[in-house]
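Notes to accompany the following structure.
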Amino acid sequence: MIWMENELKLMADASLERSLHISSPVSGSPGYTLRGEQVLLNLSSNDYLGLSQHPAILEVMREALLSEGAGSGASRHVTGNRASYSRLEEALADWQNCEAALVLANGYMANSGVISALVGRGDVVFSDQLNHASIVDGIVLSRVEHARYRHNDMEHLRTLLNKYRDKRRKLIVTDAVFSMDGDQAPLRELAALKREYGAMLMVDEAHSGGIYGGRGEGLCHELGLQNDVDIHMG
């Protein structure tokens with residue numbers, strides 16, 4: 001199609017055309033990747049703890065494949081709920097010292113699924129301007145009013161909370177550690193505003209879980225705020 005070719009040429013001319021490159025892990029060297037014949041330091045990975053190549057994890061996965069097969073064959077609501085899933089969720093809830101845990105396939109599904117389960121039409125979500133795109137998509141899919149506050153600007157958030165104080169449900173969502181800038185959310189102030197305005201607070205710990213806290217529980221635990229947060233995502 002002519003329009004597609006023209007757009008591809010414009011992207012190529014602006015050095016915006018992207019292509020896929022085959023990369024492989026380097027055995028015994030977490031943090032490095034093999035591309036072609038070059039071993040490169042990988043600064044783009046989210047495998048922060050090197051667990052994707054951990055021998056013990058690989059062995060347990062191998063054993064599970066042999067006993068459980070390569071797929072559940074149905075959703076968890078039908079016949080796809082396995083004992084191992086429940087054990088994992090119980091262990092996660094115990095680790096986080098919370099009432100319950102739910103495992104989803106990936107972070108995008110977690111944010112989009114959880115937000116749309118908590119709020120809908122007639123509600124409002126207050127979201128930091130630099131929140132991850134999966135949070136933004138979750139807000140859009142939930143059909144709520146989207147009130148974006150300036151990055152870590154608690155006065156702007158307070159203004160928006162006042163503006164929408166009569167909404168049925170109010171949800172504040174933030175990254176704990178912001179993925180692109182690496183700075184932290186002011187979680188103590190967010191918890192105080194949540195209590196003041198009767199809102200829920202959801203914290204995405206995707207970039208802080210395993211790093212902060214006595215057992216890697218995340219930044220909320222590090223700050224002693226875990227009981228002020230209604231939903232921890234990680």
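Rounded to two decimals, what ratio of Rg to Rh does the stretch 164-234 give with C-alpha atoms and a Kirkwood Rh?
Here Rg/Rh amounts to 0.99.
Mind grabbing the accessible area of V39 for me, 1.4 Å probe, Å², rounded to tens?
Spelled out: V39, probe radius 1.4 Å, area about 90 Å².
Give me the dipole magnitude in Debye, nearest 20, for the chain about the Cα centre, with unit charges on the beta carbon: positive for Lys and Arg, negative for Asp and Glu.
Here the size comes out at about 720 debye.
Apply 1/(1 + (r/R0)^6) to the Cβ-Cβ distance of S52 and E7, taking R0 = 41 Å, and write down the FRET efficiency to the nearest 0.05.
Computed FRET efficiency for S52 and E7 comes out at 0.70.
Can you pull the Rg over Rh of the stretch 147-203, Cα-only, Kirkwood?
0.95
Net charge within 13 Å of L193 by Cβ-Cβ distance, Lys/Arg positive one each and Asp/Glu negative one each, not counting L193 itself?
Cβ neighbours under 13 Å give a net charge of 0.
Using a 1.4 Å probe and counting only protein heavy atoms, arrange Y149, Y85 so the residue with the most accessible area comes first.
Most to least solvent-accessible, the answer reads Y85, Y149.
Once label points are set 7 Å from the Cα along Cα→Cβ at both A101 and I211, what is their separation, rounded to one decimal in nm?
Calculated label separation equals 1.9 nm.
Using modelled amide H (1.01 Å from N, peptide plane; none on Pro or chain starts), what sits under 5 Å from the amide H of H132, excluding residues fewer than 5 places away?
D175
For V203, what accessible area in Å² do you get when you roll a 1.4 Å probe over the heavy atoms of the protein chains, rounding to the nearest 10?
0 Å²
In percent, how large is the relative contact order of the stretch 1-121, given Cα pairs closer than 8 Å and 6 or more residues apart? Could you put the intermediate results ahead of the total?
Values: 60 pairs, mean separation 10.1, N = 121.
That works out to 8 percent.
Which whole-number value in Å² is the accessible area per residue of the chain, probe 1.4 Å?
64 Å²
How are the Cα pair distances of the stretch 107-232 distributed, in percent, across 5 Å bins from 0?
Percent of pairs per bin, in order: 2, 12, 24, 24, 22, 11, 3, 1.
Compare D47, D94, D230 by solvent-accessible area with a 1.4 Å probe and give them largest first, with all protein chains kept in place.
Listed by decreasing accessible area, they come as D94, D230, D47.
Rg (Å, one decimal) plus Dmax (Å, integer) for the alpha carbons of the chain?
In order Rg, Dmax, the Cα atoms of the chain give 20.9, 61 Å.
I'd like the antiparallel share, as a percent to the nearest 5, of DSSP beta bridges with both residues in the stretch 107-232.
On the way: 1 of 17 bridges.
Rounded to the nearest five, the antiparallel share is 5 percent.
Which value, in nm² and rounded to one decimal, describes the direction-averaged projected area of the C-alpha convex hull of the stretch 23-98?
7.4 nm²
Could you work out how far apart the two model spin labels at L223 and A83 are, taking each label as a point 7 Å from the Cα in the direction of the beta carbon, and quote it in nm?
Inter-label distance under the simple model: 4.1 nm.
Of all GluC sites (Glu not before Pro) in the stretch 93-176, which ones are in loop regions per DSSP and have a Cβ with at most 10 other Cβ atoms within 10 Å?
E99
In nm, what is the difference between 0.36 nm times the number of residues separating S44 and L92 and their Cα-Cα distance?
14.6 nm
What is the dipole size for the stretch 107-232, taken about its Cα centre, with +1 at each Lys and Arg Cβ and -1 at each Asp and Glu Cβ, in debye to the nearest 20?
Computed charge dipole of the stretch 107-232: roughly 620 debye.
Taking 0.36 nm per residue of sequence separation and subtracting the Cα-Cα distance, how much length would be gained by fully extending the chain between S75 and R195, in nm to one decimal?
Contour length minus Cα-Cα distance gives 39.5 nm.
Can you list residues from other chains, or at least 5 along the same chain, whose modelled amide H is less than 5 Å from the amide H of I172?
Sorted by chain and number, the residues that satisfy this are F126, M200, L201, M202.
Give a quick list of GluC sites (Glu not before Pro) in the stretch 1-75 that DSSP marks as loop, anything other than H, G, I, E or B, with at most 12 other Cβ atoms within 10 Å. Before the final figure, lay out the partial values.
On the way: sites: E5, E7, E17, E37, E59, E63, E68; in loops: E17, E37.
For GluC sites (Glu not before Pro) across the stretch 1-75 that sit outside H, G, I, E and B with at most 12 neighbouring Cβ atoms in 10 Å, the list reads E17, E37.
Heavy-atom accessible area of V114 with all protein chains present, probe 1.4 Å, nearest 10 Å²?
40 Å²
The values are calculated or read from the model by the stated rules, or taken from the named source; none is laboratory data. These figures come from a predicted structure and were not determined experimentally. Virtual Cβ from ideal backbone geometry, glycine too; neighbours counted across all protein chains shown. Remember, those area values only see protein heavy atoms, side chains included, never the ligands or the DNA or RNA. Shrake-Rupley method; radii C 1.70, N 1.55, O 1.52, S 1.80 Å.
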